Every structure is written in structure tokens, then in C-alpha cells.
Amino acid sequence: MACLSAPLLFCVKRSKPQLIVPSTSTPHQQKPLSDLDDQGSIRVHIPVLMFYRNSVERRGEEDPAMAIKEGLAKALVFYYPLAGRIFEGENGKLIVNCNGKGVLFVEAKANVKVEQLSDKSMHPPCPYLNQLLINTVPGSKGIIDCPLLLIQVTRFSCGGFALGIRFNHTMMDGQGLIQFVNAVSELAKGASAPSTLPIWERGLLTARPTPTITCEHNEFKDFELSKTTRWWDLEKLLRTNKFINIQKVMSDPCLFFSKHICHSLVIKRSFTFGSRELQAIKDQCPSSTTFEALSACLWKCRTIALRPDPNSTMLLTIVVNIRERLQDPKRPLDTTVMPSCRQPR
């Protein structure tokens with residue numbers, strides 16, 4: 001039982017977590033991840049919450065948890081690597097062992113209606129995340145030999161429900177997750193196969209055994225700590241992996257400094273930019289795109305907050321979708337996709 005007394009008496013009662021396996025037999029094989037997918041920076045789990053009001057068509061009909069569970073089992077036949085487990089091979093290479101062990105699934109019931117939740121609470125950071133997405137299942141938080149998906153379906157007293165998903169980022173990104181959720185929905189509604197079939201072509205994104213360097217990328221050069229670096233300038237310290245193993249530091253309070261100190265220095269905040277906020281930012285730079293204007297605003301605020309050495313080199317790293325850039329008329333379309341669950345439209 002997970003309860004929160006403020007601002008709403010919100011209680012969730014969960015059933016025991018269970019493993020959902022593919023509804024029919026799937027290939028047992030090993031599939032290496034690409035060099036893009038197994039980078040250290042994305043060896044994390046990403047939580048996602050989706051809220052659904054009770055619709056007229058669905059009112060009084062089947063439990064959404066049961067429908068999602070059945071659709072999930074069918075979808076895992078096509079997306080069978082997601083039912084496997086990751087292990088680390090030679091030189092730290094991540095490989096999926098497609099053994100069909102399944103994904104974690106939890107059914108839950110809440111004591112409130114969807115309408116009782118404010119719109120603000122549905123935006124990140126959602127104050128009810130720990131109630132709507134369980135994070136206490138033993139052996140589920142790691143990257144190695146852990147379930148690649150954890151799904152919780154929480155039904156509200158009005159018949160609406162919340163779909164909480166925690167996915168292993170090495171296996172899919174946001175667009176891939178949407179593709180997978182759509183497949184679950186289609187199969188739950190009676191389709192015999194998803195409208196978009198996943199294709200595993202991660203080898204296309206793997207470097208040659210002997211890399212051929214054609215140009216110099218200064219943005220990937222290692223940074224040297226400046227003599228003017230402040231000891232509390234964590235961003236530089238954490239970025240310079242040759243000095244600090246951050247995973248080890250965070251897991252062992254006796255190393256370098258206490259993890260409590262680290263958490264107190266690194267503060268997380270979430271901001272939602274709606275159409276009104278974006279327009280106010282764009283008004284300051286009319287000739288820029290929305291993306292350029294927002295990036296400039298965030299960079300300006302970050303610089304003011306960190307007060308870096310004016311002579312230091314600073315980088316702005318942006319994650320982009322490369323699906324469209326991978327399409328090559330000389331190659332068949334089915335080999336231009338990102339890996340399982342990562343396919344261009």
C-alpha cells in the first residue's frame with residue numbers, strides 16, 4: 001500500500017508483480033546492441049506516465065489491465081528481445097539474451113477519480129510517480145540481467161486508468177516506446193499483427209572493427225580540468241570520467257565525498273514550456289525557430305547559474321532523431337531503421 005496525504009489523500013493498492021512472457025514461442029538467440037545504444041550515458045531506466053479518462057465506449061466493459069496484459073503478451077512475440085535480459089560481453093559490450101523471461105507487470109487500484117488529479121500533477125515531476133509506477137521490485141532496477149520493461153496499470157474509481165511504464169533506454173527511445181505501445185493497443189483490439197513491424201538492424205550503427213577516422217571531432221575530446229576549476233563544479237568533474245567513476249562514487253559514500261553531499265549539490269527541477277511560454281521566448285528572437293529559441297534560453301539560464309570561467313570551453317550537447325537521416329535510396333527501407341522498437345515512419 002502506497003499513500004500520499006498531501007495535497008490529496010491518494011492511496012494505491014497493488015497486486016503482486018508478475019512476469020508477462022510472449023504468448024507463443026519466440027527465437028532464443030543473442031543480439032548485440034549497437035555502439036550508439038550501449039553508451040554509458042543511456043544505461044538508465046526511463047519512467048513514463050500516461051493518463052486515460054473513462055470513455056463512453058469502454059464504460060462498464062473489460063478491465064483495462066487485463067486487455068493491456070493480453071496485448072502485451074502478443075506484442076512480445078514480435079518484440080521478443082524486450083522479453084529477454086541484457087548481459088555484458090567482451091569489452092563491456094551489451095548483448096540481449098533473448099530468453100523469453102518476460103517483462104514485469106503490476107495491476108493496481110486507486111481510491112480517487114482521474115478528475116481529482118490536477119493538470120499540474122500530471123506534468124513532470126508528477127508527485128504520484130511512486131504510487132503509479134512501482135520502484136521496489138527486487139532485482140528490477142539494474143541494466144544487467146534485469147527485466148527490460150516494467151508496466152503498472154492503475155485503475156481509478158471512475159473507470160479511467162494510468163499506464164506507468166519504465167523502460168530500459170538501451171533498448172528503445174521515446175519514439176520506439178510509442179511504437180511499442182501502439183502495437184500493444186492494436187493487438188489488444190484484435191489485430192493479428194502490429195501495423196508497424198519491428199526490425200533489428202543494430203549492426204548498421206556499429207563501428208568498424210578498425211575505425212577509419214575521416215575528420216577531427218573536437219567536441220569529443222577529453223576536457224582537462226582547469227586550474228581555476230572549483231571543487232564544487234560537479235558538471236566538469238562528472239564529465240571527466242578518467243578522474244571519477246561516478247557510479248562507484250554514488251554507490252559508496254566513503255569514496256571522495258558522501259552521496260548525501262552529492263545529492264545536495266545536484267538539484268533536479270522540471271519545467272513545462274507551453275505555447276504561451278514558448279511564444280514569450282520567441283518574441284525575444286523572432287528570426288529563430290522554436291528549438292533555437294528554447295535552446296538559447298536554457299543555455300543562458302544555465303550559464304548564469306553555473307558562472308563558469310569566461311575562458312573555459314563549454315559544450316552544448318543536443319540529442320537528435322537520426323531516423324530520417326538514415327534513409328538511403330541505395331539500401332532497402334527495412335535496413336534503415338533504428339533497432340527493435342526504433343523505426344522511422
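Before moving on, here are some points about what is shown:
- Each other residue within a Cβ distance under 12 Å of GLY139 adds +1 if Lys or Arg and -1 if Asp or Glu, for a net charge of +2.
- Projected label distance in nm at ASN130 and SER25, using a 7 Å step from Cα toward the beta-carbon: 4.5
- For a modelled paramagnetic label at LYS141, 7 Å from Cα along Cα-to-Cβ, no residue of region 69-97 is in reach, as no backbone nitrogen comes under 13 Å.
- Applying 0.36 nm per residue to the separation of ILE46 and ALA296 and subtracting their alpha-carbon distance, the gain on full extension is 87.4 nm.
- Note on region 48-205: Cα-Cα pairs beyond 18 Å make up 62% of the total pair count.
- The distance between label points at ALA207 and LYS16 comes to 4.7 nm (points 7 Å beyond Cα on the Cα→Cβ vector).
- Potential lengthening of the chain between LYS221 and LYS120 amounts to 32.3 nm, from the contour at 0.36 nm per residue minus the alpha-carbon distance.
Values in this text are rule-based calculations from the coordinates and carry no lab data. Please read all numbers here as calculations on a predicted model, not as lab measurements. Here the Cβ is made from the backbone with ideal geometry for all residues, glycine too, and neighbour counts use every protein chain on show.
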